[in-house]
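Trainee: Dumping the structure here so I can ask a few things about it.
Computed from the coordinates by the stated procedures, all read-outs in this text should not be read as laboratory data. Computed from a prediction, not measured in an experiment: that's the story for all the values here. Here the Cβ positions follow ideal geometry from the backbone for every residue, glycine too, while neighbour counts run over all protein chains shown.
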Amino acid sequence: MIAEAHTLGLPVVPWTGNTTADMEHLMDLGVDGIITDYPTRLRTLMEDLGLKLPSRTGCRAWIRVFRSLH
């Protein structure tokens, strides 16, 4: 399914990978991003795997937007 989505030019960003095992499994499947309730856990995993980390500023801005909606 992920390969087919990518063939169509669609990004795959599943919701909600919260355990380290789930996050790592999703990365192994080739997703483009992961929506999680635990961004620090995801950042730590990415750092441990030597992956490029997204800006913390962008994450904080998104959290502010999300909180303003609820």
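Trainee: So, by mean Cβ neighbours within 10 angstrom, what's the order for 34-44, 3-13 with the highest one leading?
Mentor: Details: 34-44: 15.7, 3-13: 10.6.
Highest mean packing first, the order is 34-44, 3-13.
Trainee: Could you grab the relative contact order for segment 9-57? Cα pairs under 8 Å, six or more apart, rounded to a whole percent.
Mentor: Values: 42 pairs, mean separation 17.2, N = 49.
Averaging sequence separation for qualifying contacts and normalising by length gives 35 percent for segment 9-57.
Trainee: Then there's this: Stretched out fully, how many nm does the piece from Asp22 to Thr7 gain, at 0.36 nm a residue minus the Cα gap? Could you put the intermediate results ahead of the total?
Mentor: Numbers: separation 15, 0.36 × 15 = 5.40 nm, distance 2.38 nm.
Fully extending the segment from Asp22 to Thr7 adds 3.0 nm.
Trainee: Step through the residues of segment 3-19 one at a time and calculate ³J(HN,Hα) from phi using the Karplus curve (6.51 cos²θ - 1.76 cosθ + 1.60, θ = phi - 60°), rounding each to whole Hz and writing x for Gly and Pro.
Mentor: Using θ = phi - 60°, the values come out as 4, 5, 4, 5, 4, 7, x, 9, x, 10, 10, x, 10, 10, x, 10, 8 Hz.
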